[in-house]
Amino acid sequence: MPVLNERAYLRRAVESVLSQQVPGPLELILALAPSSDGTESVAAELAAEDPRVRVVHNPAADIPVGLNLAIRAGAHPVIVRVDAHSELEPGYTLRALETLNRVGAANVGGVMRADGRTPFQRAVARAYNSPIGLGGGAYHGGATEGEAESAYLGVMRREVLEEVGLFDESIRRGEDWELNLRIRRAGHRVWFDPALAVTYWPRDSWTRLARQFFATGRWRGELVRRYGRTNSLRFFAPPALVVASSSAVVAGALQLTRVLSGAWAWLAAALYLPVLAYAVLISAVAAGRGGGSGWRDKLWTLAVLPTMHLAWGAGFLVGTVRGADDTVDTSRLGGRNTPLP
């Protein structure tokens with residue numbers, strides 16, 4: 001479990017792991033990054049309370065670095081990746097182990113079941129759980145078991161991880177997708193089992209959400225630079241929306257200033273159509289069952305969906321043109337632009 005600034009969530013996440021029933025020994029290794037919210041004291045308390053909890057320090061504060069430190073520190077043949085911002089459902093690990101053996105997979109994952117504690121966080125959770133929100137990846141609500149492109153978190157065979165070289169420490173976001181790509185290229189199976197579910201608590205403020213999605217989109221752009229069309233087509237929808245919206249704004253400005261007039265102005269008006277179609281779609285989702293109950297929920301949904309799409313799409317375009325460089329997700333770091341204190 002990589003951990004950074006998770007004081008409000010860490011204890012429940014750890015308890016959900018330690019309550020798992022497994023046919024053998026279990027250890028939980030916390031890859032602890034330098035935190036500024038008191039997380040380190042909580043981690044120390046948890047390690048003192050239960051000998052199964054161990055702490056390894058991750059001064060780099062990068063997720064793939066922390067994951068590799070924890071994997072190398074572990075002693076068992078199966079690795080269960082856990083997020084400190086999530087909670088495993090009862091029976092998750094036992095079911096995952098059974099599926100791993102039943103289908104002969106190298107990595108098994110299930111459904112990311114987003115949830116929220118505030119009206120804003122619940123709106124983000126609804127967007128996560130909707131195919132309109134995150135594009136319909138299997139682990140965001142798939143119902144059919146089978147081979148998959150990637151796996152949320154993942155229950156993995158150590159021998160396969162060591163064969164393909166663990167996580168790529170040069171990738172700060174999307175490291176799980178890239179690892180699963182190497183697993184599949186090595187001839188192993190990545191498997192989705194909808195009976196597996198993990199509760200995930202998304203970002204709880206508008207600015208944190210936008211920063212998270214911009215960073216994630218920029219790293220996806222970096223992965224497109226590295227791996228091209230190996231990336232799913234759904235990843236190209238948000239940047240297309242950003243391009244369409246920007247083009248519509250430019251067209252509107254040219255029309256208002258009379259730079260475009262007559263037939264050219266009418267032709268430029270066609271640029272509004274995809275943006276209007278998107279606005280109608282998002283409005284319909286927010287007004288329907290996907291927008292929650294009550295006008296406040298629906299307004300939050302109407303705000304959250306475009307924030308996710310446009311921030312991710314803008315990040316993708318920057319990442320595709322310039323690469324990700326040292327971009328980090330600062331959404332859990334207050335106003336700082338680096339994960340280190």
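In the chain, what percent of the accessible surface is made up of carbon and sulfur (1.4 Å probe, ligands and nucleic acids excluded)? Don't skip to the end; give the middle numbers.
On the way: 9230 of 15430 Å².
The C+S portion of the solvent-accessible surface of the chain is 60 percent.
Which residues does the label zone of residue 250 cover in region 268-308, counting backbone N under 19 Å from a point 7 Å along Cα→Cβ?
Only 268-276 pass the distance filter.
Which of rounded, prolate or oblate describes region 187-341 when judged by the alpha-carbon gyration tensor and an a/c cut-off of 1.5? Spell out each step's value before the answer.
Working: a/c = 1.68, a/b = 1.37, b/c = 1.22.
Taking the square roots of the gyration eigenvalues as a ≥ b ≥ c, region 187-341 is prolate.
What shape does the chain have by the C-alpha gyration tensor, where a ≥ b ≥ c are the square roots of the eigenvalues, rounded means a/c under 1.5, and otherwise prolate means a/b greater than b/c and oblate the rest? It would help to have the intermediate numbers written out before the result.
Numbers: a/c = 1.86, a/b = 1.77, b/c = 1.05.
Judged from the Cα gyration tensor, the chain comes out prolate (a/c at least 1.5, a/b above b/c).
What nm value, rounded to one decimal, do you get for the distance between residue 103 and residue 12 when each label is placed 7 Å out toward the C-beta?
2.9
Given labels modelled 7 Å from the Cα in the Cβ direction, how far is it in nm from residue 186 to residue 36?
Using points 7 Å along Cα→Cβ, the separation is 3.7 nm.
Assign unit charges at the C-beta atoms only (+1 for Lys and Arg, -1 for Asp and Glu), then state the dipole size of region 161-301 relative to its Cα centre in Debye, rounded to the nearest 20.
Details: 19 positive and 11 negative charges, 77 e Å.
In total the dipole reaches around 380 debye.
Give me the dipole magnitude in Debye, nearest 20, for region 231-341 about the Cα centre, with unit charges on the beta carbon: positive for Lys and Arg, negative for Asp and Glu.
Details: 8 positive and 4 negative charges, 49 e Å.
The calculation lands at about 240 debye.
Using a Gaussian network model of the chain with C-alpha springs under 10 Å, which one of 39, 144, 199 is most mobile by mean-square fluctuation?
Between 39, 144, 199, it is 144 that shows the largest mean-square fluctuation.
How much length is gained on full extension from residue 266 to residue 281, taking 0.36 nm per residue of separation minus their Cα-Cα distance?
Numbers: separation 15, 0.36 × 15 = 5.40 nm, distance 2.39 nm.
Additional length available on full extension: 3.0 nm.
Over the alpha-carbon set of region 65-214, work out the extent along each principal axis and list the three values in angstrom, largest first.
Here the Cα extents, ordered largest to smallest, are 43, 33, 26 Å.
Using a 7 Å offset from the Cα along the Cα-to-Cβ direction at both residue 158 and residue 325, what is the distance between the two label points in nm, to one decimal?
Rounded to a tenth, the inter-label distance reads 4.0 nm.
If Lys and Arg each add +1 and Asp and Glu each add -1, what is the summed charge of the other residues whose beta carbon sits under 13 Å from the beta carbon of residue 38? Mind dumping the intermediate values first?
Details: positive: 7, 11; negative: 6, 37, 40, 45.
Spelling it out: positives minus negatives among the neighbours equals -2.
With loop defined by DSSP as not H, G, I, E or B, and exposure as at most 12 other Cβ atoms within 10 Å, which is the longest segment of the chain clear of exposed trypsin sites (Lys or Arg not before Pro)?
Details: sites that count: 117, 258, 336.
Here the longest segment lacking exposed loop sites spans 118-257.
On a full-extension model of 0.36 nm per residue, what is the gain between residue 232 and residue 27, subtracting their alpha-carbon distance, rounded to one decimal in nm? Walk me through the numbers before you get to the answer.
Details: separation 205, 0.36 × 205 = 73.80 nm, distance 3.51 nm.
Length gained between residue 232 and residue 27: 70.3 nm.
Under 5 Å between amide hydrogens, which residues at least 5 positions from residue 55 or on another chain qualify, with H placed 1.01 Å from N in the peptide plane?
30
What's the local net charge at residue 67, with K and R +1, D and E -1, over the other residues with C-beta under 10 Å away? Write down the numbers at each step before the final one.
Details: positive: 72, 81; negative: 62, 169, 175, 176.
Here the count lands on -2.
Averaged over every viewing direction, what's the projected area of the C-alpha convex hull for region 1-125? Give it in nm², one decimal, please.
Projected over every direction and averaged, the Cα hull of region 1-125 covers 8.3 nm².
Where nothing but the Cβ of Lys and Arg (+1) and of Asp and Glu (-1) is charged, how large is the charge dipole of the chain around its Cα centre, in debye to the nearest 20?
On the way: 37 positive and 32 negative charges, 221 e Å.
The dipole magnitude comes to about 1060 debye.
What ³J(HN,Hα) values, in whole Hz, does the Karplus curve 6.51 cos²θ - 1.76 cosθ + 1.60 give for region 50-60 when θ = phi - 60°, with x put for Gly and Pro?
Coupling constants for region 50-60: 9, x, 6, 8, 10, 10, 10, 8, 10, x, 5 Hz.
Taking a ≥ b ≥ c as the square roots of the Cα gyration tensor eigenvalues, with a/c under 1.5 meaning rounded and otherwise prolate when a/b beats b/c, else oblate, which class fits region 113-195? Walk me through the numbers before you get to the answer.
On the way: a/c = 2.62, a/b = 1.78, b/c = 1.47.
Prolate, since a/c reaches 1.5 and a/b exceeds b/c.
The values are calculated or read from the model by the stated rules, or taken from the named source; none is laboratory data. Since the model is a prediction, treat every value here as computed from it, not as a measurement. Note: ideal-geometry Cβ built from the backbone for every residue, glycine included; neighbour counts use all protein chains shown. What goes into the accessible areas is simple: the full protein's heavy atoms, side chains included, and nothing from ligands, DNA or RNA. Shrake-Rupley method; radii C 1.70, N 1.55, O 1.52, S 1.80 Å.
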